[in-house]
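In what follows, a structure is listed as structure tokens, so that the remarks can point back to it.
The values are calculated or read from the model by the stated rules, or taken from the named source; none is laboratory data. None of these values were measured; they are calculated from a predicted model. No Cβ is skipped: glycine too gets one built from the backbone with ideal geometry, and neighbour counts run over all protein chains shown.
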Amino acid sequence: MATTTTRLAPGPSLRPADVWPRLVTWFTGGPRVLYGASLLRIFAGAALLIQFVPSFFDRHYLWGVASTWLDPLVNLNGYWAIFDVLFPKGDPTLFDASYVVFLLLVVAFTLGWRTAWVTPIMWFFLMSLQTNATFLTNGGDNLLRIVLPFMVFMRLSAHLSLDARRVRRRGARAGTRVPLWLSSTAHNTGAVICGIQIIAVYVVSGLWKLQGDDWLNGSALYYALNLETYRVLPGLSDLAWQVTPFVFAVTFLSVWVQVAFPVMLLWRPSRVFALLFLMGMHTGIAILLGLWPFSLVMIGLDMLFVRDTTFAWMLRKARRFVTRLRPATGAPRTVAS
Amino acid sequence: MRVSTRADRTTDRVARNATIGALAIIVAFITVTAIMVAPSGALPAASGMKSAMSPYFTQRWTLFAPNVLKSNYYIEVQAGWSDADGGRRTSDWIGLTDLEHAFTGAGLARPRISMLSWNAARTYRERYLALDEDQREYTRTSFIESDGDDGFEARDPVVIADELSEGKDNRSDVIRFLRVDHMFRTHVTNFTTAYLGRDVDRIRWRVTITRANDFAHRHDETQQFTDTVTTYGWRQARRTVRPDVEAAYLDVIERYDPERSLVTVGE
């Protein structure tokens, strides 16, 4: 009887001699995850707008002249004095001007206008404002504060941006003069660091949760939905916690997917599941707990684990879908006889 | 076969060095991250580095861990003043946290103001609980004394710190508590002056903690836990409130509680 042997296609060699050239090519051969980086820019910008636009009228109370009572704690943090320049508590005119400029910078950043210049300046404004107060930041602010200096070196506006439109219109003249190997290495290093940071957040947070009873007995979501300060839609929160299987499933999955996140990234199906679950979880956190800035930053960083080819495939599918929906123009009319 | 040129070799060297540099930066980032996320005391040798990096690189991802926060924190404040005829008057309790939560636009992100006194109350409470029972009782007494002339004045904070620490080995906890107590004194003076529209000479506050039923009793109609209310002693109000500071407080009060409806409980 004839037997057939199915040979598995050989995977990439893991011999150091083979890995090293691939690594060099990966870092220096061109920027990776450009769609993910562009979406990270948009999500981070949206997170800042959602945070600072609604607080516009409270700005003097939160960060300005009325926040001097916080100074004994703020001064203990030991931030560099240069961050005191833009938002002085004793000069409301300069404070207001800086606040408006900051909002304009965030809009420019979100739209991807002159991103390479806007990003570091916006980071400086953000730091200057946030270091004026305490009690006002959450995990999303902290995360953004850590990754923004690295995002400065990334190409955040290759897609879905005014910069990209300008490059398309003007061609190579609007492009960068930095050598490809340098811009690629800078971008890819920044992307890897952002990826490591989000992995650290998930793993550390997951490991801490494993030490708490609420996460192991499946009740944590119930308590989170009953904190008054996070109940932006009380009816929906009450509806969610009354479905006990939902509470158990989300509580367990959120811990274990976070802890296993780095391992799940290694295999495509588990990676897709982990990313879809975590993005869904953060969407839920945004809607139910009102933590939009935090959730948007987390989802934006998750996007870095989606390859450009996947985004390109999704875009093709979306375009085809839109084309099908659009009524055909110029097609001969069929007249019923 | 293509012969490797000098230009190719230069490009290869540049690419190799760039990759080495990138990997070095990534390894450094991982090292710093590992140090910052390590539990306090786990890496004593790196404590100096942790301290230096902390304002910019804090990595505390424990808002809902190890257990979810279960309590809600509210600050209510009260102020006293003297009338023209010398009579002493006291305001009702005013819900400072309730005012900061009285925003419109349900379903969207909460404005940042909703975090301020809620987090401040949590911090105050944590520092209060770090003291022992005798010290806690002391903080619930008045920090005001007679000035010997029919008036009152603030007690010397150094004397308060000494009395609180006497015979105890937690002076740092005492200082940490008194620092936030001092901050509250400023904040509550500013707030009550603007809210009541008059100068005040003494103030106090209470922290109310509520919590939902435990998961096992989630469908019970009756409240499982009674609210915890801790009232702290009277403090001397700050002497003056700057007009621009008062205006900033007043602006918030006018927008969130124009009817002054958060005066909750009579004294």
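Annotations for the structure displayed:
- The sole residue among B:Ala79, B:Ala15 that is in contact with a helix residue (DSSP H, G or I) (Cβ under 8 Å, 6 or more places away or on another chain), at pLDDT 90 or above and in the same structural domain as B:Gly151 (by TED's automatic domain parsing) is B:Ala79.
- Of all residues in the stretch B:81-101, those satisfying the criterion of being within 25 Å of B:Thr123 (Cα to Cα) and in a strand (DSSP E or B) are B:Ile94, B:Gly95.
- Residue list for the stretch A:231-274, restricted to those being aromatic (Phe, Trp, Tyr) and surrounded by fewer than 19 Cβ atoms within 10 Å (Cβ to Cβ): A:Phe246, A:Phe248, A:Phe252, A:Trp256, A:Trp267, A:Phe273
- Identity of the residue in the stretch A:72-91, in a helix (DSSP H, G or I) and out of contact with any Lys or Arg (no Cβ under 8 Å at 6 or more places or on another chain), that ends up farthest from B:Val180 (Cα to Cα): A:Ile82
- Apart from one condition, B:Thr240 fits all of (1) crowded, with 19+ Cβ neighbours inside 10 Å; (2) more than 30 Å from A:Phe246 (Cβ to Cβ); (3) within 14 Å of chain A (Cβ to nearest Cβ); the exception is (1).
- Test: residue in the stretch B:173-189 that is under 21 Å from the mean Cα position of the chain (by Cα), hydroxyl-bearing (Ser, Thr, Tyr), surrounded by 15 or more Cβ atoms within 10 Å (Cβ to Cβ) and not in a helix (DSSP H, G or I): no
- Note on the stretch B:118-144: among residues that are touching a residue at least 60 places away in the same chain (Cβ under 8 Å) and surrounded by 15 or more Cβ atoms within 10 Å (Cβ to Cβ), the one that is farthest from B:Leu63 (Cα to Cα) is B:Ile144.
- Selection from the stretch B:3-53 of residues that are free of Cβ contacts under 8 Å to residues at least 12 places away in the same chain and either touching a strand residue (DSSP E or B) at 6+ places or on another chain (Cβ under 7 Å) or β-branched (Val, Ile, Thr) (or both): B:Val3, B:Thr5, B:Thr10, B:Thr11, B:Val14, B:Thr19, B:Ile20, B:Ile25, B:Ile26, B:Val27, B:Ile30, B:Thr31
- Of the helices (runs of 4 or more DSSP H) lying entirely inside the stretch A:159-256, the ones with 1 or more residues being touching a Leu at 6+ places or on another chain (Cβ under 7 Å) and among the small types (Gly, Ala, Ser) are found at A:180-210, A:220-225, A:234-241.
- Of note, A:Leu288 satisfies the criterion of being over 12 Å from the mean Cα position of the chain (by Cα), among the aliphatic types (A, V, I, L, M) and either within 13 Å of chain B (Cβ to nearest Cβ) or surrounded by fewer than 18 Cβ atoms within 10 Å (Cβ to Cβ) (or both).
- Among residues of the stretch A:51-76, those that are of a type in the set (Val, Ile, Thr), over 18 Å from B:Tyr124 (Cβ atoms) and more than 8 Å from chain B (Cβ to nearest Cβ), counted: 1
- The set of residues in the stretch A:180-230 that are more than 8 Å from chain B (Cβ to nearest Cβ), crowded, with 22+ Cβ neighbours inside 10 Å and polar (S, T, N, Q) contains only A:Ser184.
- None of B:Phe64, B:Phe29 is under 38 Å from the mean Cα position of the chain (by Cα), modelled with pLDDT under 85, at negative phi and surrounded by 16 or more Cβ atoms within 10 Å (Cβ to Cβ) except B:Phe64.
- Count of the stretch B:221-236 residues which are part of a loop (DSSP other than H, G, I, E, B) and away from chain A (no Cβ under 13 Å): 6
- Residue match in the stretch A:43-50 (condition: at pLDDT below 95 and not in a helix (DSSP H, G or I)): no
- Residue list for the stretch A:111-140, filter: hydroxyl-bearing (Ser, Thr, Tyr), more than 11 Å from every other protein chain (Cβ to nearest Cβ) and within 19 Å of the chain's Cα centre (by Cα): A:Thr115, A:Thr119
- Among all residues of the stretch B:199-208, there is at least one that is at pLDDT below 95 and surrounded by fewer than 16 Cβ atoms within 10 Å (Cβ to Cβ).
- Selection from the stretch A:107-129 of residues that are more than 13 Å from A:Leu156 (Cβ to Cβ) and either touching a residue at least 60 places away in the same chain (Cβ under 8 Å) or in a loop (DSSP other than H, G, I, E, B) (or both): A:Val107, A:Leu126, A:Leu129
- Among the numbered conditions (1) under 30 Å from A:Thr251 (Cα atoms); (2) small (Gly, Ala, Ser); (3) not assigned by TED's automatic domain parsing to the domain that holds B:Asp132, the only one that B:Ala216 does not meet is (3).
- Yes/no for A:Asp238 being more than 7 Å from chain B (Cβ to nearest Cβ) and of a type in the set (Asp, Glu): yes
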